[in-house]
Amino acid sequence: MNDPQIINITEPDLIGRIDKILPTLITASTRSQIQKRIDNGNILVNSKMVKSNYKLRLNDQIEIKAVEPQTLSIEPENIPLDIIFEDDDVLVVNKPQGMVVHPAAGHANHTLVNALLFHTPLSTINGEFRPGIVHRIDKDTSGLLMVAKNDMAHQSLAQQLKDKTNTREYWAIVHGQIREDEGTIDAPLGRNPQNRQKQAIVKDGRNAITHFKVIKRYERYTLISCRLETGRTHQIRVHMQYINHPVAGDPLYGPHKTLPGKGQYLHAKTLGFEHPRTHEQLLFDAPLPTYFSKMIKYLDENDS
């Protein structure tokens, strides 16, 4: 049996109803799943059972008991896909905000992989639950992903990621006005030692480099583009928090008082790579989703 996960409430931002706070810390769990685990006594506060509406206080200690892993079976699902490009080797898809990329605990179905398997065969290199997936973007990040339809394509695309020869550019709305027109954030990333659901800048972390440019400044926000030189988990979100300009709407790394919406304003807008078979240089662009473009219009009218 795995040891329980311990979370200490040491930040004012973590004060509030436990069933609202915990889903932001345990990203693979929904609020209803958290409520069920609380009711079943699998989540304790200060070694005692609490109700779902318990309000967390500073110095509270949350104990999350490990649950027995469920056997997952991945099933193809007829879910509409926004396919930007496809041939016999690769597929480029524009993932909507709110969709998980591949099945995992808490998200056994309705993922991008479920939808892809209904549409086409995929590479097998990443195993049963991540077929075809060469790189990922977060559930609440929208935008472009390249998918491998066979193992040859997967090996080629994965090597391009390793060699940093592809293009990945994101647009984001971040808090505050960035004074510099452009800049580079070079700060190593690793798992947060205080909260294993989060990433953090850590001395012995993996090399992580993000280049950013200002597109437009508002009174309280800045619209930027970010080009990834590396592709670490939550890289842009952590790097922007690191320079005190967290991504707006980010429930994990940003302030609670932020722009309304269902997640961070982060969109994988541009994707480029060399075709694995033809070696042609391909470049794709996904327009901003409606929720994102509407927020820019709102800022143009109300925060300029």
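The values are calculated or read from the model by the stated rules, or taken from the named source; none is laboratory data. Keep in mind it's a predicted model, so treat the numbers as computed, not measured. We place every Cβ from the backbone using ideal geometry, glycine too, and count neighbours over all the protein chains shown.
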Legend entry - segment 29-56 - residue that is in a strand (DSSP E or B) and of a type in the set (D, E, K, R) and, of those, nearest to the chain's Cα centre (by Cα): Lys55
Legend entry - Filtered residues of segment 228-264 (kept if aliphatic (A, V, I, L, M) and part of a loop (DSSP other than H, G, I, E, B)): Ile243, Ala248, Leu252, Leu259
Legend entry - Restricting segment 222-274 to residues that are basic (Lys, Arg) and within 27 Å of Asp300 (Cβ to Cβ), the residue that is surrounded by the fewest Cβ atoms within 10 Å (Cβ to Cβ): Lys257
Inset, instruction - Output the residue which, of all residues in segment 4-28 that are out of contact with any Lys or Arg (no Cβ under 8 Å at 6 or more places or on another chain) and part of a loop (DSSP other than H, G, I, E, B), is surrounded by the most Cβ atoms within 10 Å (Cβ to Cβ). - result: Ile26
Legend entry - For Tyr298: the one exception among (1) exposed (fewer than 15 other Cβ atoms within 10 Å of the Cβ); (2) at pLDDT below 95; (3) among the hydroxyl-bearing types (Ser, Thr, Tyr); (4) out of contact with any Phe, Trp or Tyr (no Cβ under 8 Å at 6 or more places or on another chain): (2)
Legend entry - Number of positions in segment 193-232 that are among the aliphatic types (A, V, I, L, M), over 17 Å from Met295 (Cβ atoms) and in contact (Cβ under 8 Å) with a residue 60 or more places away in the chain: 1
Legend entry - Flag for His267 being within 30 Å of Asn150 (Cα to Cα) and assigned to a strand (DSSP E or B): yes
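Going by the structure shown, is Pro103 closer than 25 Å to Lys269 by Cα and at pLDDT below 90? Please lay out each step first, then the result.
On the way: closer than 25 Å to Lys269 by Cα: yes; at pLDDT below 90: yes.
Here the answer is yes, as Pro103 does meet what is asked.
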Inset, instruction - Would you confirm whether any residue within segment 205-217 is outside any loop (DSSP other than H, G, I, E, B), in contact with a Lys or Arg (Cβ under 7 Å, 6 or more places away or on another chain) and not hydroxyl-bearing (Ser, Thr, Tyr)? - result: yes
